[in-house]
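*Asks:* Here's a structure for you.
All of the numbers you see were taken from the coordinates with simple rules; none came from a lab. The structure presented is a predicted model; accordingly, all values stated were derived computationally and were not measured. In this analysis, Cβ positions are derived from the backbone assuming ideal geometry, glycine residues included, and neighbour counts consider all displayed protein chains.
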Ligand SMILES: Cc1ncc(COP(=O)(O)O)c(C=O)c1O
């Protein structure tokens, strides 16, 4: 417990109050939702019950990841995305979604050839750093997200044409794309929005036309539910539009065709649905592209970036549809309740101040999910000021919208009038209190 001197508003003036820190910043599962016992059992099973598997997973591994895990991930994707046809040749295991990005960029782009990285904005605030690290400083461009989660395809098409020159890269095992388009189209981090189907279809067409690769960060897809009262899912539900990779595959080439790299890939991860510390993610892409990722020099030297040992433990964990049950019976009910509590508290304490929750359109069945709520602040209230007051006076951590701008292209889409709140990490009992504190901080700035 932390003792702090209260700020001068909200009726606490001159009184000392006890505040526990509250965290609406971290987009990770709450400690109570981590499957610790199950991971212990899976480790025991791998190391003490199956000598051959134990030895296999303590040796150097395959560049594309443990074959049994690749197969399991392909089955999981086919179960969830019922229209997908994923085979283990489409899967490359990565060290979380985070290390999928540099691997993709190192193998499939060349900063001397690839013209631009187009980033749907607001964006995952660490993504731009990853693009800079592989040589794209000065070539990262924002593509503003609109209210309905779509982007202006005609403007993007035009901008892509403008930066292109006549030469296109020659395909080899290491195809170099002319453009990369990075997006989190489903329950976006930070906006929580879902890009509509028509926009996805048009974006695939534009990527194909301009030799672009859509890198779609789909790591929140499996955490979704209907927010309509009484509509509780009995199976793992996928209500959202098809992934870019599936749209691209449906458009004429076969996902196992070794001549085609395709124009879209999907990144997934166990970070949000099992535990971030597993550092297990994957790329689901056409077999030729996956094969190219397997040629990554460092991966050839003994296995991809994720520990063989952890992959073996996860193979044990995923047996018998364990993850499907974990998502359905533990995670979705927990996040549904948390989201409902937070949305109600926002309605009670923030809406009267003029704060607007951006979200799914009202009416019809509202499909929600992921970890985040995106709030529009009242006019002239700055997200950085709110963050500072929350941190200093309320012991409340939040993510200011301004941090989610596309670095280097900041003028195109400015997000200082927004904040992102995560309901995933903080325990249920603290959610309403956190919103009350946020309301006090905003009131200070509205004076
Ligand atoms: C959109 C997005 N991509 C990637 C990551 C990182 O994922 P991983 O833990 O799998 O590296 C996050 C985590 O917050 C995220 O929100």
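*Asks:* Under the 0.36 nm per residue contour assumption, what length would be gained going from the current alpha-carbon distance of residue 197 and residue 20 to full extension?
*Replies:* So the chain would gain 59.4 nm between residue 197 and residue 20.
*Asks:* Express in nm, to one decimal, how much length is gained between residue 301 and residue 75 on full extension, taking 0.36 nm for each residue of separation and deducting their alpha carbon distance.
*Replies:* Working it through step by step, the gained length comes to 78.6 nm.
*Asks:* What share of the DSSP beta bridges in the chain is antiparallel, in percent to the nearest 5?
*Replies:* Expressed as a percentage, antiparallel bridges in the chain total about 55.
*Asks:* Sort 348, 409 so that the residue with the fewest other Cβ atoms within 10 Å of its own Cβ comes first and the one with the most comes last.
*Replies:* So the ranking, lowest neighbour count to highest, is 348, 409.
*Asks:* What FRET efficiency comes out for the pair residue 40/residue 209, r = Cβ-Cβ distance, R0 = 35 Å, nearest 0.05?
*Replies:* According to the calculation, E is roughly 0.10.
*Asks:* So what is the 222 nm mean residue ellipticity for the chain from helices alone, if each DSSP H run of at least 4 adds -39500 (n - 2.57) and you divide by all residues, rounding to the nearest 500 deg cm²/dmol?
*Replies:* Result for the chain, helices only: -9500 deg cm²/dmol.
*Asks:* Rg and Dmax in Å for the chain, alpha carbons only: what are they?
*Replies:* 22.4, 71
*Asks:* Please build a GNM for the chain, connecting alpha carbons under 10 Å apart, and tell me which residue among 215, 355, 245 fluctuates the most.
*Replies:* 355
*Asks:* Based only on Cα atoms, what Rg/Rh ratio does segment 195-309 have, Rh being taken as Kirkwood's radius?
*Replies:* 1.03
*Asks:* On a 0 to 90° scale, report how tilted helix 67-80 is relative to the longest principal axis of the chain, with both axes built from alpha carbons and the result rounded to the nearest 10.
*Replies:* 60
*Asks:* In degrees between 0 and 90, to the nearest 10, how far off the longest principal axis of the chain does helix 197-209 point, with axes built from Cα atoms?
*Replies:* 40
*Asks:* Assuming R0 = 60 Å, can you tell me the calculated FRET efficiency for the pair residue 85 and residue 48, based on Cβ-Cβ distance, to the nearest 0.05?
*Replies:* It comes to 0.95.
*Asks:* Here's another thing I want to ask about it. Roughly how tilted is helix 153-163, in degrees to the nearest 10 and between 0 and 90, from the longest Cα axis of the chain?
*Replies:* Roughly 60 degrees, rounded to the nearest 10.
*Asks:* Sorting 18, 179 on the 10 Å Cβ count, fewest up front, what's the list?
*Replies:* Sorted ascending by nearby Cβ count, the order is 18, 179.
*Asks:* Of 37, 228, 178, how do they rank once you tally other Cβ atoms within 10 Å and put the fewest first?
*Replies:* By the 10 Å Cβ count, ascending, the order reads 37, 228, 178.
*Asks:* For residue 153 paired with residue 58, estimate the spin-label separation in nm (one decimal), with each label point 7 Å from Cα along the Cα-to-Cβ line.
*Replies:* 5.4
*Asks:* So, one more: Suppose a student asked you for the relative contact order of the chain, using Cα pairs under 8 Å spaced at least 6 residues apart; what percent would you report?
*Replies:* 25
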